[in-house]
Amino acid sequence: MRHSAPPASRLRRQRRAAAVRPAATAARHESGRPAGASGRQRLQHVPYVIALCCLALALAWMRQSGQDVRGGTLAVAGIMFAAALARLALPERRAGMLASRRRLADVAVLAALGTGLLIAGLLLPAQP
């Protein structure tokens, strides 16, 4: 026959669990951000923002010229390779939104996209 834990030990476990919860949640500023939020957290997204801006510029270049799809595709492939290199080189805390999975999985996906775009760009016929 199994005996349940005495009420006193259950009460102690509940008190310990309640004491841990407030320590785990950070105090918040009036703005709603955690107290530890600073410019450093914003800076960790810089690699992703740079890759996103370069990608937008390459797509705008392809859209504007209309004739230079090959060059734009090669530019996007280069951006994917640069993002893969940044993900590989930067530590986890500095990679920002480039880090969505494990490091090697992110690098493999970005490199595969870059390789596919590079092959597509090289196979596209040159426009006159």
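The set of residues from the stretch 101-111 being in contact with a helix residue (DSSP H, G or I) (Cβ under 9 Å, 6 or more places away or on another chain) and in a helix (DSSP H, G or I) comprises ARG103, LEU104, ASP106, VAL107, ALA108, VAL109, LEU110, ALA111. Only one entry of LEU43, LEU55 meets the criterion of being surrounded by 11 or more Cβ atoms within 10 Å (Cβ to Cβ) and at pLDDT 85 or above, and that entry is LEU55.
Flag not set for ARG94, criterion: at pLDDT 75 or above and basic (Lys, Arg). Taking the criterion of being buried (at least 17 other Cβ atoms within 10 Å of the Cβ) and in a helix (DSSP H, G or I), the residues of the stretch 82-100 that qualify are ALA83, ALA84, ALA86, ARG87, GLY96, LEU98.
Here ALA24 clears all of (1) modelled with pLDDT of 60 or more; (2) of a type in the set (A, V, I, L, M); (3) loosely packed, with under 10 Cβ neighbours inside 10 Å except the condition numbered (1).
The values are calculated or read from the model by the stated rules, or taken from the named source; none is laboratory data. These numbers were taken from a predicted model, which means no experiment stands behind them. Note that we place each Cβ from the backbone using ideal geometry, even for glycine, and neighbour counts take in every protein chain shown.
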